[in-house]
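Student: Dropping the structure in here first, questions after.
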Amino acid sequence: MSNARNLANLLGTGATIATAAIADDAITSAKLDTNIAVDGSITAGTELVGDVSSRIIMDSSAADTDVGDNLLLNATDGSASDDGSNFIYNEVVANNDALVSGIPNLVGGLTYNNGSALGNLRIQTGTSTTPSSSTDAGTNEGNGARYYNNTTIALNGFASAPTVFASVLSSNHEATCSPVKSVSATSAVFTTHGARTAGIQGRVFHFIAIGEAL
């Protein structure tokens, strides 16, 4: 049979090759354009794999999907993590770069800088000095809690009472900066106690407060 006859049989009465005349899996990726626009949906039998170097962005203005909308998993539970949970996309974009580079600055800047905020999280660090006097509570509470004094520190930028911690700088091993006597969004009172007055009087202590930012 001549080539002309073969071509005539392939085209039939049309000007293009019918879909049914193309063998399954006959067209390889080498024969496809590098920029393919799909008018409809793409269904993958197993996984959709690619080397994506940019973000995935919706490009439609339908009633329920606008240009630039987020790409969401088709979740069926409250955690939005079950259906399609194997979908993973991770791209460090400009905003993420700024966040990542800012974290070391935030952490490094916590050296008693009167506070730093990361979104709704506020972290305030600082130092203070205990009073030069103390109260003798006797030995009923034990020698380690015999002498004590209270130090008030100022807090700022918190929407509510934060969680606070403190540690006293002392050569006396039993000296302790606890408990927290009171705490609010604007101040905290720490009790420092020990068996010897020299370990708690006029001593520097370090504190950190972590809570919701204003």
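The values are calculated or read from the model by the stated rules, or taken from the named source; none is laboratory data. If you're wondering where the values come from, they're calculated on a predicted model, not measured in any experiment. Counting neighbours? That spans all protein chains shown, and the Cβs are built from the backbone with ideal geometry, glycine included.
Student: Among what's in segment 16-31 and is surrounded by 10 or more Cβ atoms within 10 Å (Cβ to Cβ) and in a loop (DSSP other than H, G, I, E, B), pick the residue that is modelled with the highest pLDDT.
Tutor: Within segment 16-31, the first condition is being surrounded by 10 or more Cβ atoms within 10 Å (Cβ to Cβ), and the residues that meet it are 17-18, 21-22, 27.
Next, from what is left, pick out any that are in a loop (DSSP other than H, G, I, E, B): 17-18, 22, 27.
Working: 17: 71, 18: 72, 22: 76, 27: 80.
Here the answer is 27.
Student: Follow-up question, since we're still on this one. Hey, does segment 153-160 have a residue that's free of Cβ contacts under 8 Å to residues at least 40 places away in the same chain and in contact with a helix residue (DSSP H, G or I) (Cβ under 7 Å, 6 or more places away or on another chain)?
Tutor: Among the residues of segment 153-160, not one is free of Cβ contacts under 8 Å to residues at least 40 places away in the same chain and in contact with a helix residue (DSSP H, G or I) (Cβ under 7 Å, 6 or more places away or on another chain), which makes the answer no.
Student: Also, quick follow-up: Count, please, the residues in segment 118-134 that happen to be among the basic types (Lys, Arg) and modelled with pLDDT of 95 or more.
Tutor: Here the count works out to 0.
Student: Now a separate question. Tally up the residues in segment 132-155 that are touching a strand residue (DSSP E or B) at 6+ places or on another chain (Cβ under 7 Å), in a loop (DSSP other than H, G, I, E, B) and surrounded by fewer than 15 Cβ atoms within 10 Å (Cβ to Cβ), please.
Tutor: The total comes to 2.
Student: Select from segment 162-184 the residues that are touching a residue at least 40 places away in the same chain (Cβ under 8 Å) and either in contact with a Gly (Cβ under 7 Å, 6 or more places away or on another chain) or aromatic (Phe, Trp, Tyr) (or both) and list them in ascending order.
Tutor: 162, 163, 165
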